[in-house]
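Derivation of every value follows stated rules applied to the coordinates shown; laboratory data play no part. All figures in this text were calculated on a predicted structure; none of them were measured in a lab. Methodologically, a virtual Cβ is constructed for each residue, glycine included, from the backbone with ideal geometry; neighbour enumeration extends over all protein chains shown.
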Amino acid sequence: MDDIRQPERRRFALSGLALGATMLTARGAQAADTPAPARASGPIVLHGVSPRLTVHALDTFHGAAAAGLRIDFSAFDGENYKPVRSFTVNANGRSDEPLLVDESYRPGRYQLLLHVDDYFAAKKAVLPTPAFLTKLPVRFQVVNAAERIHLPIQFGPWAYTYSRGS
């Protein structure tokens, strides 16, 4: 009896493949008629806002902006990272002003050092001792000073992540 059904199963499978191919071909033709969405090909431009470097720190442990977090900002001089300034993140999780803007915003290698051990101690977070993460380095490059760079940083007691935003 299985020998009798084999051609039937093959026809069913082949008709399913044919139907799928027809649907894909129809979608492909439809997609070819639809213009592709616009993609950014150049710098992000905000009218009235010059290119700049900004940061946004988010505490994933408490689920809030990292208000009160101390960050040391440094620039690489070819041999070492030299301090530029330190700041404390405001209630929105941001610095009060851009880290680099106008003539200070130049291509180069930079580092942010987040003092998360002090931050969690100030928040009286109940965490294992010693802390798993203490000072978090975030190293990045500015290649084109005509582009705006925004660094969203998410951190908790056991992990952190950051990305290039705009």
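Sorting the segments 154-166, 74-86 by their residues' average number of neighbouring beta-carbon atoms within 10 angstrom, most packed first, yields 154-166, 74-86. Modelled spin labels at F132 and H62, positioned 7 Å past Cα toward Cβ, are 1.9 nm from each other. Using R0 = 30 Å, the C-beta based FRET efficiency linking Q154 and A121 works out to 0.95.
Note on segment 52-162: the alpha carbon radius of gyration divided by the globular reference 2.2 N^0.38 Å gives 1.08.
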